[in-house]
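Take a look at the structure below.
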């Protein structure tokens, strides 16, 4: 790109767009230049705050030569259409989690980006936290020995007002699910990034503490990984007052645990020179509640690092660290959990097709 700055266009001007804008603002050579929202007043407010141009027609924004990259922050089940439109307009595409809410819709985004030779990235900023990277390095170095157990705990709390604040929240059609698809998907992504592919799932889901929604607010799943290790995912938006998300990895020669960005356990049979430094450097890094009870109480630094990676991928013409296929993986696992809970049977991965759940036909 010959321009002095890479231009970002924001599609969807809700809460998450503010985090996207802050991340772009942290990057040298990048700038928010445009925005669009289906509600024109929302685009106007965002543009006034960010000093960019508001568009009330998506086609017009995508025709703007100042826009090189779009970020999509629409409701989860409405990611496909703007992503496809952006790819066809030759814009690189960054999509908030989840990539989409069905495998078919994920695959269409991936295909369109490949067909139009633009980069596609699904947002999972937790992978870019230093503590997550240290844990990944320890796994790859074999420090855990034979991997045996892995757990992801997302015991969060959301008020009824949270679900009532938007008609799309808590619906199968636009939210794609509940505590798993909306909140715990970051931890699902981290768990499989660290442990490798999941091959079998059993699960239970329930709606226990909220009204007027169609999806789960509590879920428990057991996993079998391709490497033979076993795992557990617990997710809830009904665990008052809400606690930091936690990831644990265990093996025959080591164990480690992470709460949000804090390394809270780092124990290995064979010590390494940098262990004390890891513990000292990675303790008490979490500066917010991590979204445990307030969805706006998150940092944007993980987004910054992921956007930095996407810009490098564009510059170097390589695949982003988290591309469409990586984004699809966590969606597949969550859909398999829903299928296991719905059928009461063991579900094997990969899924042959999108599961059709009776629960999706129910109205809130």
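The values are calculated or read from the model by the stated rules, or taken from the named source; none is laboratory data. The structure presented is a predicted model; accordingly, all values stated were derived computationally and were not measured. We place every Cβ from the backbone using ideal geometry, glycine too, and count neighbours over all the protein chains shown.
Within segment 253-262, being more than 14 Å from residue 127 (Cα to Cα) and part of a strand (DSSP E or B) holds for 254, 255, 256, 257.
Residues in segment 194-204 that are closer than 26 Å to residue 174 by Cα and surrounded by fewer than 23 Cβ atoms within 10 Å (Cβ to Cβ): 202, 204. Evaluate the following for residue 220: is it in contact (Cβ under 8 Å) with a residue 24 or more places away in the chain, within 16 Å of residue 339 (Cα to Cα), assigned to a strand (DSSP E or B) and out of contact with any helix residue (DSSP H, G or I) (no Cβ under 6 Å at 6 or more places or on another chain)? No, not satisfied.
In segment 203-212 there is at least one residue matching the filter, namely being under 22 Å from residue 147 (Cβ atoms), modelled with pLDDT of 95 or more and touching a strand residue (DSSP E or B) at 6+ places or on another chain (Cβ under 8 Å). For segment 15-48, the candidate set comprises residues that are touching a helix residue (DSSP H, G or I) at 6+ places or on another chain (Cβ under 9 Å), surrounded by fewer than 16 Cβ atoms within 10 Å (Cβ to Cβ) and in contact (Cβ under 8 Å) with a residue 60 or more places away in the chain; within that set, the residue that is nearest to residue 311 (Cα to Cα) is 29. Applying the set (1) buried (at least 21 other Cβ atoms within 10 Å of the Cβ); (2) under 24 Å from the mean Cα position of the chain (by Cα) to residue 78 leaves exactly one unmet item: (1). With the requirement that a residue be touching a residue at least 60 places away in the same chain (Cβ under 8 Å) and either surrounded by fewer than 20 Cβ atoms within 10 Å (Cβ to Cβ) or closer than 23 Å to residue 353 by Cα (or both), what does segment 115-133 give you? Correct list: 120, 121, 122, 128, 130. Can you name every residue in segment 317-333 that is within 11 Å of residue 197 (Cα to Cα) and assigned to a loop (DSSP other than H, G, I, E, B)? Of everything in segment 317-333, nothing turns out to be within 11 Å of residue 197 (Cα to Cα) and assigned to a loop (DSSP other than H, G, I, E, B). Residues of segment 288-304 include none that is in a loop (DSSP other than H, G, I, E, B), modelled with pLDDT of 95 or more and more than 19 Å from residue 98 (Cβ to Cβ).
Among the residues making up segment 128-161, those that are part of a helix (DSSP H, G or I) and under 19 Å from the mean Cα position of the chain (by Cα) are 128, 130, 131, 132, 133, 135, 136.
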